[in-house]
Amino acid sequence: MGQAHRHLTRLLRDGEEGVIEVPQVENVDGLIADLKECGIAAEVADPPADIDVQAVRKRTGYSQDQFALAYGLDVATLRNWEQGRTRPDLTARSYLTMIASDPDGMRKRRLQAVKAAKQAASASA
């Protein structure tokens, strides 16, 4: 809690904007109102309730197979989303939203994370 307080104090002092992830709270509206009273504008940063998965994929120029491989998705799940048989859950919508905003960056970060996980696993073996 102390580290969060220091970070928030610095942001306020310097007049900067920032993102602070708050653990689950019972009353989000109450928290936002309390922060507003302190002069802090806060909002919930949930992904959109619905996302056009096919449009996201097509903007990358990838086929379904290529998209699934590039972003670590199951191709059958991707097809189900695109054909409307199922809908992406909250986590998937968050990931797809990040892919839509920076396809190349997300692909590169995913590859870096996979490499780092493999290195960590081999180091602990």
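The values are calculated or read from the model by the stated rules, or taken from the named source; none is laboratory data. Please read these numbers as outputs of a predicted model, since none were measured by experiment. Note that we place each Cβ from the backbone using ideal geometry, even for glycine, and neighbour counts take in every protein chain shown.
Say we look at the stretch 47-70 and pick out the residues that are among the acidic types (Asp, Glu) and under 18 Å from Ser94 (Cα atoms); which of these is nearest to the chain's Cα centre (by Cα)?
Asp50
Within the set of pairs 6 or more residues apart or between chains, which connect a residue that is under 12 Å from Tyr71 (Cβ atoms) inside the stretch 102-119 to a residue that is of a type in the set (Ser, Thr, Tyr) and surrounded by 11 or more Cβ atoms within 10 Å (Cβ to Cβ) with Cβ atoms less than 6 Å apart?
What qualifies is Pro103/Thr60.
Of the residues in the stretch 39-60, how many are touching a Leu at 6+ places or on another chain (Cβ under 8 Å), in a loop (DSSP other than H, G, I, E, B) and either at negative phi or aliphatic (A, V, I, L, M) (or both)?
6
Select from the stretch 86-108 the residues that are under 17 Å from Ala55 (Cβ atoms) and among the basic types (Lys, Arg) and list them in ascending order.
Listed by number, the residues that qualify are Arg87, Arg93.
Look at the stretch 78-101 and say how many of its residues are in contact (Cβ under 8 Å) with a residue 12 or more places away in the chain and among the polar types (S, T, N, Q).
The number of residues fulfilling the criteria is 2.
So which residues in the stretch 31-49 are β-branched (Val, Ile, Thr) and either surrounded by 11 or more Cβ atoms within 10 Å (Cβ to Cβ) or in contact (Cβ under 8 Å) with a residue 24 or more places away in the chain (or both), if there are any at all?
Listed by number, the residues that qualify are Ile32, Ile40.
Tell me, which residue of the stretch 80-93 that is part of a helix (DSSP H, G or I) and at pLDDT 95 or above is surrounded by the most Cβ atoms within 10 Å (Cβ to Cβ)?
Out of the qualifying residues, it is Trp81.
Can you find a residue that is surrounded by 11 or more Cβ atoms within 10 Å (Cβ to Cβ), among the polar types (S, T, N, Q) and within 23 Å of Arg109 (Cβ to Cβ) anywhere in the stretch 71-79?
yes
Go through the residues of the stretch 16-35 one by one and say whether even a single one is farther than 30 Å from Ile99 by Cβ, outside the structural domain of Leu96 (by TED's automatic domain parsing) and part of a loop (DSSP other than H, G, I, E, B).
Looking through the stretch 16-35, at least one residue is farther than 30 Å from Ile99 by Cβ, outside the structural domain of Leu96 (by TED's automatic domain parsing) and part of a loop (DSSP other than H, G, I, E, B).
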